[in-house]
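Structure first, then comments.
The values are calculated or read from the model by the stated rules, or taken from the named source; none is laboratory data. Note that the structure is predicted; figures quoted are calculated from it, not measured. Ideal geometry is used to build each Cβ from the backbone, glycine not excepted, and the neighbour counts take in all protein chains shown.
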Amino acid sequence: MDENSFSVTKLSVNVNKIATLRNSRGGKIPHLISFCGLVLDSGADGITIHPREDERHINSQDVWEITEFMRSYNQSSLHYKEFNIEGEPSPRFLQLVERAKPDQVTLVPVRPGEITSDHGFRFSNPEEKKAIEPFLSRSKGLGLRVSVFVEPIPEEISFCHKIGADRIELYTGPFAHAFDQDISMAKAIYEDYVATSQEAQKFGLGINAGHDLDTHNLAIFKNLPGLLEVSIGHRLVSDALVWGMEKTIKEYKKALLLGA
């Protein structure tokens, strides 16, 4: 069955924020692997990490430990849980991917000094085209599914198909920030995502999304045509400070099921 035909959107939880909290004090508390287990046991469909070069949250050792944890977890689980690694197209990141061999690699543009990812690739920029092609090809050569983090610009989707991407991940920051201010404005912006999603489907590309999605704005975004997976970290972990992680995962899964 074509993966695009599945109706239930999967939830991959980005655990960077757990590592950030640990690193702020040093040591191993909160214990990252224990939280990964809690997240999956609570119903999440996968784990996402973004190991940055400065290792301000996920470090190289974390990558190897989570890799082994995911393999062990899936050996004893009735439901397979996916491992997604995000990062910039660079030799450093490729070395991590070659060793970890996750289920999915998400290529993300990284701007020096940025606090978090704040934009998707724009392939109208020749430099970004040049940067991503060889790394996407190498990742595909490892037999991995490759997703490309993009802006909601329909005209640029054909390039993702041309270079062999399996999926796109839509950068949802602008939508989420608009939703916080004015729902009508968010609904207008959402139409750009719909148009981009429809264009991706024409090329047979799977559709992921992520950045500042939460139980409120998912009421709209959950209905995006062809949406396979959302990757959520900051807001989900923030909600877990109030609700606890188990209830938070269940609330996010419920939001994905109910929609608008």
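How many residues are part of a helix (DSSP H, G or I), out of contact with any helix residue (DSSP H, G or I) (no Cβ under 7 Å at 6 or more places or on another chain) and either surrounded by fewer than 22 Cβ atoms within 10 Å (Cβ to Cβ) or among the hydroxyl-bearing types (S, T, Y) (or both) when one looks only at region 81-95?
3
Could you say whether any residue in region 251-260 is surrounded by fewer than 21 Cβ atoms within 10 Å (Cβ to Cβ), within 19 Å of E82 (Cβ to Cβ), modelled with pLDDT under 95 and more than 18 Å from the chain's Cα centre (by Cα)?
Yes: region 251-260 contains one or more residues that are surrounded by fewer than 21 Cβ atoms within 10 Å (Cβ to Cβ), within 19 Å of E82 (Cβ to Cβ), modelled with pLDDT under 95 and more than 18 Å from the chain's Cα centre (by Cα).
Please go through region 205-219 and give me each residue that is of a type in the set (A, V, I, L, M, F, W, C), touching a Lys or Arg at 6+ places or on another chain (Cβ under 9 Å) and closer than 17 Å to D166 by Cα, ordered by number.
L205, I207
In region 115-221, which helices (runs of 4 or more DSSP H) lie fully inside it and hold 1 or more residues that are modelled with pLDDT of 95 or more, crowded, with 19+ Cβ neighbours inside 10 Å and among the hydroxyl-bearing types (S, T, Y)?
Result: 183-202.
Do the conditions hold for A200, that is, is it within 18 Å of the chain's Cα centre (by Cα) and not acidic (D, E)?
So A200 passes the test.
Regarding S7, is this residue modelled with pLDDT of 95 or more and under 30 Å from L227 (Cβ atoms)?
Criteria not met by S7.
Confirm whether E68 is on the phi < 0 side of the Ramachandran plot and at pLDDT 95 or above.
Here the answer is yes, as E68 does meet what is asked.
Tell me yes or no: at least one residue of region 21-40 is closer than 29 Å to R138 by Cα and assigned to a strand (DSSP E or B).
No, region 21-40 contains no residue that is closer than 29 Å to R138 by Cα and assigned to a strand (DSSP E or B).
Of the conditions (1) assigned to a helix (DSSP H, G or I); (2) surrounded by fewer than 17 Cβ atoms within 10 Å (Cβ to Cβ); (3) of a type in the set (A, V, I, L, M); (4) modelled with pLDDT under 95, L78 fails just one. Which one is it?
(1)
List pairs: first residue in region 26-46 and free of Cβ contacts under 8 Å to residues at least 40 places away in the same chain, second residue of a type in the set (V, I, T) and not in a helix (DSSP H, G or I) anywhere in the structure, Cβ distance under 8 angstrom, at least six positions apart or on different chains.
L32/V15; C36/V15; C36/I47
Within region 10-27, restricting attention to residues that are at pLDDT 95 or above and charged (D, E, K, R), which residue is farthest from F69 (Cα to Cα)?
Only one residue tops the list, namely K10.
Give the residue that is nearest to F221 (Cα to Cα), with candidates limited to residues of region 124-154 that are free of Cβ contacts under 8 Å to residues at least 24 places away in the same chain and more than 20 Å from the chain's Cα centre (by Cα).
N125
Can you find, within region 173-226, the residue that is nearest to V150 (Cα to Cα) among those that are out of contact with any helix residue (DSSP H, G or I) (no Cβ under 6 Å at 6 or more places or on another chain) and among the acidic types (D, E)?
Ranking the qualifying residues of region 173-226, first place goes to D192.
Just name the residue that is surrounded by the fewest Cβ atoms within 10 Å (Cβ to Cβ) out of those in region 222-238 that are farther than 24 Å from A200 by Cα and in contact with a strand residue (DSSP E or B) (Cβ under 7 Å, 6 or more places away or on another chain).
G233
Looking at V97, V110, V39, which is the one that is of a type in the set (V, I, T) and closer than 18 Å to R22 by Cβ?
V39
In region 28-54, which residue that is within 16 Å of V97 (Cβ to Cβ) and charged (D, E, K, R) is surrounded by the most Cβ atoms within 10 Å (Cβ to Cβ)?
Checked region 28-54; the qualifying residue surrounded by the most Cβ atoms within 10 Å (Cβ to Cβ) is R52.
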